[in-house]
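Novice: Take a look at the following structure, please.
The values are calculated or read from the model by the stated rules, or taken from the named source; none is laboratory data. These numbers were taken from a predicted model, which means no experiment stands behind them. Positions of Cβ are generated from backbone atoms using ideal geometry, with glycine treated the same way; all protein chains shown enter the neighbour counts.
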Amino acid sequence: MRVDEVIFGEVAQPPEASNVARVISLLVGIPKEKRAYTLSRNCASGIESATSAAEKIQAGLDEVVIAGGTESMSNIPLFYNREATKIFLQLSKARTLTEKLACFLKFRPRHLLKPEVGLTLGLSDPTCGLNMGQTAEVLAKEYGLTRAEQDEFALTSHKRVQAARAKLKEEIVPVHVPPKFEKAVTEDNGVRENLSLEDLAKMRPYFDRATGTVTVGNSCQVTDGACALLMMKEELAKSMGYTPLGYLRAYTYVGVDPSRMGIGPAYAIAELLKKTDLKLKDIELLEINEAFAAQVIACERQMEKDGVGKINRDILNVNGGSIALGHPVGTTGNRLILTLLREMKRRNLRLGLISLCIGGGQGAAVLLER
């Protein structure tokens, strides 16, 4: 396989592999002379890798690109605060036993027993002061969304994933589990098999304890995952014996108020349809990433309000979504592209669209064609 470049999206890049795309490229045996880089657009990092690859191919800079994403949210570390870090730095410079003892005596329980949680920091927006769940609560209140309709949406996601197990397995590469690597994970493990509305109703609001409606049950899960797409022009693919799964026809990114982060897809989809001279009714399958049930429902309401159209839920997230599968932020965009194209192939459909909201107040949308 001839590969010119490897592009991967990742949000919480590990310190031991800060350019994880290069590490991936070398470990899978791509020649060291080939290029690789890692990028981040928060939740749309996976989409960004695919659209960046498309831009490079169209510009003639690359012919064959592996565009992927990866995220291990379970491995996002805890951090010492600045005060504790300063003491550790002093300790590393201490030479004598007396100097080292003096440094140790500066430590207090707050330095060691109250670390800063990297995941919490990463899911918070410094410009508006809200975490992602709190932005979902903003939308729930703005659009008058009930707890019941959010829970019903979440339950549908779980049921659809369960019904699509066999199809989704076609996308999954078994991953052997350390330390002995004797067992392998062969299917997504976030799905709650026997979930009911009664179970969801028992969960307390997580981001606004007093008046909130967003819970861990109607939100996406913290998840690990990775995905990669092989991208090139149609003529080259056919000359190499490949049948394209589909085509990236157009895409767009928009900005929105960070405190209303989740509404991004409503405006991104509207912009993309305008850009391609299409109507919502022309889209045969649609994926809107389920960061939160409230966020997807709010996008539905906003698109109706703006005259974009009413979303047909029979074609929305037909194999379930991130509420059941999880949302490994660096790669969800790639996974949505792959899942939608495979489902379009099964149904022999021509046009599909994926969209997601982006932490920090953005939205992305991609038009796919077969």
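Residue by residue, here is whether (1) at pLDDT 95 or above; (2) assigned to a helix (DSSP H, G or I); (3) more than 30 Å from Leu236 (Cα to Cα); (4) of a type outside the set (S, T, N, Q) holds:
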position: Ile47; (1), (2), (3), (4): yes, yes, no, yes
position: Ala53; (1), (2), (3), (4): yes, yes, no, yes
position: Ile57; (1), (2), (3), (4): yes, yes, no, yes
position: Gly60; (1), (2), (3), (4): yes, no, no, yes
position: Ile66; (1), (2), (3), (4): yes, no, no, yes
position: Ala102; (1), (2), (3), (4): no, yes, yes, yes
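Novice: If Ala166 meets every condition in (1) in a helix (DSSP H, G or I); (2) under 20 Å from the mean Cα position of the chain (by Cα) apart from one, which number is that one?
Specialist: Of (1) in a helix (DSSP H, G or I); (2) under 20 Å from the mean Cα position of the chain (by Cα), only one is false for Ala166: (2).
Novice: Go through the stretch 346-363 and give me each residue that's surrounded by 24 or more Cβ atoms within 10 Å (Cβ to Cβ), closer than 23 Å to Lys233 by Cβ and among the hydrophobic types (A, V, I, L, M, F, W, C). I'd like the intermediate steps shown before the answer.
Specialist: Step one: of the stretch 346-363, the residues surrounded by 24 or more Cβ atoms within 10 Å (Cβ to Cβ) are 352-358, 363.
Checking which are closer than 23 Å to Lys233 by Cβ leaves us with 352-354.
Those that are surrounded by 24 or more Cβ atoms within 10 Å (Cβ to Cβ), closer than 23 Å to Lys233 by Cβ and among the hydrophobic types (A, V, I, L, M, F, W, C): Leu353, Ile354.
Novice: Do the conditions hold for Leu139, that is, is it over 20 Å from Gln302 (Cα atoms) and either crowded, with 19+ Cβ neighbours inside 10 Å or not hydroxyl-bearing (Ser, Thr, Tyr) (or both)?
Specialist: Values: over 20 Å from Gln302 (Cα atoms): no; either crowded, with 19+ Cβ neighbours inside 10 Å or not hydroxyl-bearing (Ser, Thr, Tyr) (or both): yes.
No; evaluated as a whole, the condition is false for this residue.
Novice: Does Thr120 meet the test of being of a type in the set (Val, Ile, Thr) and modelled with pLDDT under 90?
Specialist: Numbers: of a type in the set (Val, Ile, Thr): yes; modelled with pLDDT under 90: yes.
Yes: the conditions hold for Thr120.
Novice: Let me ask another. Picking from Ala184, Ala154, which residue would you name as being of a type in the set (Gly, Ala, Ser) and either within 28 Å of Val256 (Cα to Cα) or surrounded by 11 or more Cβ atoms within 10 Å (Cβ to Cβ) (or both)? It would help to see each step written out before you state the result.
Specialist: Values: Ala184 fails: either within 28 Å of Val256 (Cα to Cα) or surrounded by 11 or more Cβ atoms within 10 Å (Cβ to Cβ) (or both).
On inspection, the qualifying residue turns out to be Ala154.
Listed here are the residues, each with its yes/no results for (1) under 25 Å from Tyr247 (Cβ atoms); (2) acidic (Asp, Glu); (3) more than 14 Å from the chain's Cα centre (by Cα).
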{"residue": "Leu285", "(1), (2), (3)": "yes, no, yes"}
{"residue": "Ala291", "(1), (2), (3)": "no, no, no"}
{"residue": "Ile297", "(1), (2), (3)": "no, no, yes"}
{"residue": "Gln302", "(1), (2), (3)": "no, no, yes"}
{"residue": "Arg335", "(1), (2), (3)": "yes, no, no"}
{"residue": "Leu338", "(1), (2), (3)": "yes, no, no"}
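Novice: Please identify the pairs in which a residue from the stretch 299-322 that is closer than 20 Å to Asp277 by Cβ has its Cβ atom under 6 Å from the Cβ atom of a residue that is modelled with pLDDT under 95, counting only partners at least 6 apart or on another chain.
Specialist: Partner pairs satisfying both residue conditions: none exist.
Novice: Every residue in the stretch 169-191 that is touching a Lys or Arg at 6+ places or on another chain (Cβ under 9 Å) and in contact (Cβ under 8 Å) with a residue 24 or more places away in the chain, please. Can you show your working first?
Specialist: In the first step, residues of the stretch 169-191 are kept if they are touching a Lys or Arg at 6+ places or on another chain (Cβ under 9 Å); the result is 170-171, 176-177, 186-188, 191.
Those that are touching a Lys or Arg at 6+ places or on another chain (Cβ under 9 Å) and in contact (Cβ under 8 Å) with a residue 24 or more places away in the chain: Glu170, Glu171, Asp188, Val191.
Novice: From the list Pro14, Pro31, which one is under 19 Å from Val329 (Cβ atoms) and either surrounded by fewer than 19 Cβ atoms within 10 Å (Cβ to Cβ) or at pLDDT 95 or above (or both)? Quick ask: steps written out before the conclusion?
Specialist: Details: Pro31 fails: under 19 Å from Val329 (Cβ atoms).
That would be Pro14, the only listed residue that is under 19 Å from Val329 (Cβ atoms) and either surrounded by fewer than 19 Cβ atoms within 10 Å (Cβ to Cβ) or at pLDDT 95 or above (or both).
Novice: Which residues, taken from the stretch 9-27, are among the hydrophobic types (A, V, I, L, M, F, W, C) and either closer than 10 Å to Thr38 by Cα or not in a loop (DSSP other than H, G, I, E, B) (or both)?
Specialist: Val11, Ala17, Val20, Ala21, Val23, Ile24, Leu26, Leu27
Novice: Quick one: in the stretch 55-85, of everything that is in contact (Cβ under 8 Å) with a residue 60 or more places away in the chain and surrounded by fewer than 19 Cβ atoms within 10 Å (Cβ to Cβ), which residue is farthest from the chain's Cα centre (by Cα)? Before you say what the answer is, go through the steps one by one.
Specialist: Within the stretch 55-85, the subset in contact (Cβ under 8 Å) with a residue 60 or more places away in the chain is 57, 63-76.
Still in the list and also surrounded by fewer than 19 Cβ atoms within 10 Å (Cβ to Cβ): 63, 72, 74-75.
Values: Glu63: 26, Ser72: 11, Ser74: 14, Asn75: 16 Å.
So, considering only residues that are in contact (Cβ under 8 Å) with a residue 60 or more places away in the chain and surrounded by fewer than 19 Cβ atoms within 10 Å (Cβ to Cβ), the one farthest from the chain's Cα centre (by Cα) is Glu63.
Novice: Are any residues in the stretch 217-238 at pLDDT 95 or above and assigned to a loop (DSSP other than H, G, I, E, B), and if so, which ones?
Specialist: Gly217, Asn218, Cys220, Met232, Lys233
Novice: Would you be able to tell me the number of residues in the stretch 37-46 that are within 19 Å of Asp224 (Cβ to Cβ) and either outside the structural domain of Val23 (by TED's automatic domain parsing) or in contact (Cβ under 8 Å) with a residue 40 or more places away in the chain (or both)?
Specialist: Of the residues in the stretch 37-46, 6 are within 19 Å of Asp224 (Cβ to Cβ) and either outside the structural domain of Val23 (by TED's automatic domain parsing) or in contact (Cβ under 8 Å) with a residue 40 or more places away in the chain (or both).
Novice: Shifting gears a bit: Taking the stretch 249-294, which residues are charged (D, E, K, R) and either in contact (Cβ under 8 Å) with a residue 12 or more places away in the chain or under 20 Å from Ser52 (Cα atoms) (or both)? Before you say what the answer is, go through the steps one by one.
Specialist: At the first step, the residues of the stretch 249-294 found to be charged (D, E, K, R) are 249, 257, 260, 271, 274-275, 277, 279, 281-282, 284, 287, 290.
If the condition is that a residue be charged (D, E, K, R) and either in contact (Cβ under 8 Å) with a residue 12 or more places away in the chain or under 20 Å from Ser52 (Cα atoms) (or both), then Arg249, Asp257, Arg260, Glu271, Lys275, Lys279, Lys281, Asp282, Glu284, Glu287, Glu290 are the ones that fit.
Novice: May I pose another question? Evaluate the stretch 197-214: report whether one residue or more is in contact with a Lys or Arg (Cβ under 7 Å, 6 or more places away or on another chain) and under 30 Å from Asp306 (Cα atoms). Talk me through it step by step, then tell me what you get.
Specialist: If we filter the stretch 197-214 for residues that are in contact with a Lys or Arg (Cβ under 7 Å, 6 or more places away or on another chain), which is where we start, we get 213.
Checking which are under 30 Å from Asp306 (Cα atoms) leaves us with 213.
So far as the stretch 197-214 goes, yes, one or more of its residues are in contact with a Lys or Arg (Cβ under 7 Å, 6 or more places away or on another chain) and under 30 Å from Asp306 (Cα atoms).
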